[in-house]
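K.L.:
Input: one structure, supplied below.
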Amino acid sequence: MNVNYDKELEKIIGGIDRSAPPRLLLHVCCAPCATACLARLADSFDITLYYANDNITDADEWQKRLDEVYKLTEIINDGRFETQPIRPVGLQVRQHCAERFFQAAQGLEQEREGGARCRQCFMLRLGDAKAYAEDNGYDYFGTTLTVSPYKNSALLNETGKLLETDALKWLPSDFKKRNGYGESIRLSAKYGLYRQHYCGCVFSQSIQ
Ligand code: SF4
């Protein structure tokens with residue numbers, strides 16, 4: 001059965017008491033994708049962005065995308081973002097280690113984008129987010145990855161759901177719905193954010 005993850009998110013948002021917003025650790029793949037997701041969630045959660053992306057195998061590219069996430073966080077917390085969050089947005093960074101990604105992707109180097117290598121990649125990054133969220137008492141963890149038309153939202157949500165616990169809930173999403181991807185392009189242009197032209201790993205560099 002096809003699950004409508006956008007509706008599931010809406011249901012959760014609808015039940016939130018905004019005087020005590022739940023703490024959300026939002027795994028962020030890059031600043032452009034984060035813009036549209038933050039616009040959707042800003043009014044409902046106490047949000048910390050979590051940059052954990054060992055899949056970005058080139059260290060300079062990893063740093064470049066992180067710098068843009070810092071820039072976006074500053075724009076938001078300076079009050080310059082068009083949808084202001086109910087709490088200032090935090091940012092945590094997991095130290096880069098491309099070797100972890102290469103280990104996870106071993107034997108899957110030739111897979112097409114969206115195939116078995118990406119499944120491993122999602123598990124690695126969402127697993128990192130879950131571990132940090134669990135250690136630090138968050139209520140929810142989620143990801144900006146579902147905004148991309150190149151990413152399988154069902155697979156991302158199934159992976160997240162597998163990782164959730166009684167105390168730490170997966171935040172379902174399909175941010176590409178409601179023109180989320182279009183919004184991410186508009187917002188990243190508005191705030192002058194760098195948009196990369198490939199997913200992240202060395203194997204994806206010639207694909208998009
Ligand atoms: S193509 Fe993207 S999602 Fe797939 S393995 Fe590479 S970095 Fe990860």
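K.L.:
Could you please find all residues in segment 63-82 being assigned to a helix (DSSP H, G or I) and either over 20 Å from F203 (Cα atoms) or touching a strand residue (DSSP E or B) at 6+ places or on another chain (Cβ under 6 Å) (or both)?
P.N.:
Here is the first cut: in segment 63-82, the ones assigned to a helix (DSSP H, G or I) are 63-77.
Correct list: L66, D67, E68, V69, Y70, K71, L72, T73, E74, I75, I76, N77.
K.L.:
Something else: Are there any pairs with C-beta distances below 7 angstrom linking a residue in segment 162-184 that is more than 15 Å from A133 (Cβ to Cβ) to a residue that is in a loop (DSSP other than H, G, I, E, B) and not aromatic (F, W, Y), with the two at least 6 apart or on different chains, and if so which?
P.N.:
Qualifying pairs under 7 Å: K176/S148; K176/P149; Y181/S148; Y181/P149.
K.L.:
Hey, can you tell me all the residues within segment 192-208 that are more than 16 Å from the ligand (Cβ to nearest atom) and surrounded by fewer than 18 Cβ atoms within 10 Å (Cβ to Cβ)? Write out each step before concluding.
P.N.:
Keep residues of segment 192-208 that are more than 16 Å from the ligand (Cβ to nearest atom), which gives 192-194.
Of everything in segment 192-208, those that are more than 16 Å from the ligand (Cβ to nearest atom) and surrounded by fewer than 18 Cβ atoms within 10 Å (Cβ to Cβ) turn out to be G192, Y194.
K.L.:
What number of residues within segment 105-152 are more than 8 Å from the ligand (Cβ to nearest atom), aromatic (F, W, Y) and assigned to a helix (DSSP H, G or I)?
P.N.:
Count: 1.
K.L.:
OK, next. How many residues does segment 62-111 contain that are surrounded by fewer than 16 Cβ atoms within 10 Å (Cβ to Cβ) and among the small types (G, A, S)?
P.N.:
Here the count works out to 3.
K.L.:
How many residues does segment 153-208 hold that are basic (K, R), in a loop (DSSP other than H, G, I, E, B) and under 17 Å from R40 (Cα atoms)?
P.N.:
Qualifying residue count for the region: 3.
K.L.:
Counting just the residues of segment 2-49 that are part of a loop (DSSP other than H, G, I, E, B) and within 16 Å of the ligand (Cβ to nearest atom), which one comes out surrounded by the most Cβ atoms within 10 Å (Cβ to Cβ)? Even if it seems obvious, please write down each step before you answer.
P.N.:
Kept after step one, since they are part of a loop (DSSP other than H, G, I, E, B), are these residues of segment 2-49: 2-4, 15-22, 28-30, 42-45.
Add one more test, that the residue is within 16 Å of the ligand (Cβ to nearest atom), and what stays is 28-30.
Working: V28: 29, C29: 25, C30: 27.
Looking at residues that are part of a loop (DSSP other than H, G, I, E, B) and within 16 Å of the ligand (Cβ to nearest atom), I get V28.
K.L.:
Related question: Does S188 count as touching a strand residue (DSSP E or B) at 6+ places or on another chain (Cβ under 9 Å), away from the ligand (no atom under 15 Å from the Cβ) and among the polar types (S, T, N, Q)?
P.N.:
Numbers: touching a strand residue (DSSP E or B) at 6+ places or on another chain (Cβ under 9 Å): no; away from the ligand (no atom under 15 Å from the Cβ): yes; among the polar types (S, T, N, Q): yes.
So S188 fails the test.
K.L.:
Restrict the check to segment 50-61 and report whether at least one residue is of a type in the set (F, W, Y), surrounded by 15 or more Cβ atoms within 10 Å (Cβ to Cβ), away from the ligand (no atom under 11 Å from the Cβ) and under 28 Å from K190 (Cα atoms).
P.N.:
Within segment 50-61, the subset of a type in the set (F, W, Y) is 50-51.
Next, from what is left, pick out any that are surrounded by 15 or more Cβ atoms within 10 Å (Cβ to Cβ): 50-51.
From the residues that got through so far, the ones that are away from the ligand (no atom under 11 Å from the Cβ) too are 50-51.
Checking which are under 28 Å from K190 (Cα atoms) leaves us with 50-51.
Scanning segment 50-61 turns up at least one residue that is of a type in the set (F, W, Y), surrounded by 15 or more Cβ atoms within 10 Å (Cβ to Cβ), away from the ligand (no atom under 11 Å from the Cβ) and under 28 Å from K190 (Cα atoms).
K.L.:
Quick check on N77: is it of a type in the set (S, T, N, Q) and in contact with a helix residue (DSSP H, G or I) (Cβ under 9 Å, 6 or more places away or on another chain)?
P.N.:
Details: of a type in the set (S, T, N, Q): yes; in contact with a helix residue (DSSP H, G or I) (Cβ under 9 Å, 6 or more places away or on another chain): no.
Here the answer is no, as N77 does not meet what is asked.
K.L.:
Now for a different question. Quick check on segment 97-106. Is at least one of its residues at pLDDT 95 or above and over 21 Å from A59 (Cβ atoms)?
P.N.:
Narrowing segment 97-106 to residues at pLDDT 95 or above: 97-106.
Adding the requirement that they be over 21 Å from A59 (Cβ atoms) leaves none.
The answer is no; no qualifying residue exists.
K.L.:
Same structure again: Scan segment 76-96 residue by residue and report those that are under 18 Å from the mean Cα position of the chain (by Cα) and either closer than 18 Å to C29 by Cα or among the charged types (D, E, K, R) (or both).
P.N.:
I76, V89, G90, L91, Q92, V93, R94, Q95, H96
K.L.:
Another question, if that's okay. Exactly one condition in (1) out of contact with any Ser or Thr (no Cβ under 7 Å at 6 or more places or on another chain); (2) within 14 Å of C29 (Cα to Cα); (3) not acidic (D, E) is false for Y138; which is it?
P.N.:
The one condition Y138 does not meet is (2).
K.L.:
Same structure, new question: Go through (1) farther than 21 Å from D46 by Cα; (2) touching a strand residue (DSSP E or B) at 6+ places or on another chain (Cβ under 9 Å); (3) at pLDDT below 95; (4) not aliphatic (A, V, I, L, M) and name the single condition P85 misses.
P.N.:
The number of the failed condition is (1).
The values are calculated or read from the model by the stated rules, or taken from the named source; none is laboratory data. The model shown is predicted, which means the values in this text are computed figures rather than measured ones. All Cβ positions, glycine included, derive from the backbone under ideal geometry; neighbour counts span all protein chains shown.
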